[in-house]
Every structure is written in structure tokens, then in C-alpha cells.
Amino acid sequence: MDWKEKYKDKLVGMEEAVALIRSGDVVTSNFGGSIPYAFMDALADYAARHLENVTLCLAGFYKQTRIADNRLNGHIAIKSSFLGPCERAAIAAGADISYQSMHLANINDDRLGKHRARVLVAAGSVPGENGRVSLGVAPFDPIL
């Protein structure tokens, strides 16, 4: 089986993807422009109906997203290592977002230790001719 067949076999719809998240999970994502915003919005809708106590570790939204809505408190808690305008606005509105102060070089240690995630969600590029994708400028090692 070549990579194109494997890739096609692994594709799922957004509803099926968010349904893989379980209550109590730690989910980690990328930074800013590499955050999969469509997934986050779908996860917000799913979490409101099906999930409790999910921790989402990331580093800075570049745009408003439903995942940072205060109506998701108890369903989604966000730990962000960057508090930009979007996070500050969500915090002011009562969203469960906490600042996780750390040097960028220590994110991998945190995500593999204290906040070890069961799920990594990342925006990726379209596969190249050899089937490789880019996960953008995310500061994560492939070990995750």
C-alpha cells in the first residue's frame, strides 16, 4: 500500500475526530497560526454536550475561537503559555484559561511530563509528493 492509500484510509470527518477526545483527557496543540481552529470549534461544540474536565495545553490563539468560551468551564480548561489579546478577552469574559509561564525551550519537557497529553492536535499541510506533511512552526519534537 502506498502512502496515498494509507493517507486516504486514515481520513475521518470532524465529528469522528472530536469524538476521540475523552473526559479527563489532556490535549495539546500548537502555537498561534498552527492551531487547528476548525477542530477547536468542533471540539467546543462536542465538549459542551459530551465532555468534562478536559485540559487543553497550547500557546496563544491568533483569533477568537469557541473553545475559549466561558460556557465551556467545567468541560474545557485551557493552559496557555502565551496570553495574547484573544486569551485576555476570553479571561475577562470568565473563560477557564490559565497562564502557564515557561521558557519556550521547556514546552516539550512539560508536555511529556506534568501535562502529558493523550492527544496532539495540529494543523498540517497537504502531503507533499513523498507523503510528508508539515506541522508548521510548532515547537514540538516528533516524540509527541
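The values are calculated or read from the model by the stated rules, or taken from the named source; none is laboratory data. Note that the structure is a prediction, hence the values are computed from the model and not measured. We place every Cβ from the backbone using ideal geometry, glycine too, and count neighbours over all the protein chains shown. To get the accessible areas, we keep the full protein, side chains included, count just its heavy atoms, and leave off ligands, DNA and RNA. Shrake-Rupley method; radii C 1.70, N 1.55, O 1.52, S 1.80 Å.
Worth pointing out:
- GNM top mover of GLU129, GLU15, GLU52 - the chain, alpha-carbon springs below 10 Å: GLU129
- Taking all C-alpha pairs of the stretch 3-78, those more than 20 Å from each other amount to 31 percent.
- Within the accessible area of the chain (1.4 Å probe), percent carbon and sulfur: 53
- Rounded to the nearest 20 debye, the dipole magnitude of the chain is 120 debye, with +1 charges on Lys and Arg beta carbons, -1 on Asp and Glu beta carbons, and the Cα centre as origin.
- Our summary gives the chain a relative contact order of 26 percent, counting only alpha carbon pairs under 8 angstrom and 6 or more residues apart.
- Probe 1.4 Å, accessible area per residue of the chain, Å²: 58
- Residue order for LYS6, LYS79 - accessible surface, 1.4 angstrom probe, largest first: LYS6, LYS79
- Charge sum, other residues only, whose C-beta stays under 15 Å from ARG132's C-beta, Lys/Arg counted +1 and Asp/Glu -1: +1
- Alpha carbon Rg of the chain, scaled by the compact-globule rule 2.2 N^0.38 Å: 1.05
- The amide H of CYS57, built 1.01 Å from its N in the peptide plane, has VAL27, THR28, SER29, LYS79 as neighbours under 5 Å, considering only residues 5 or more places off or on other chains.
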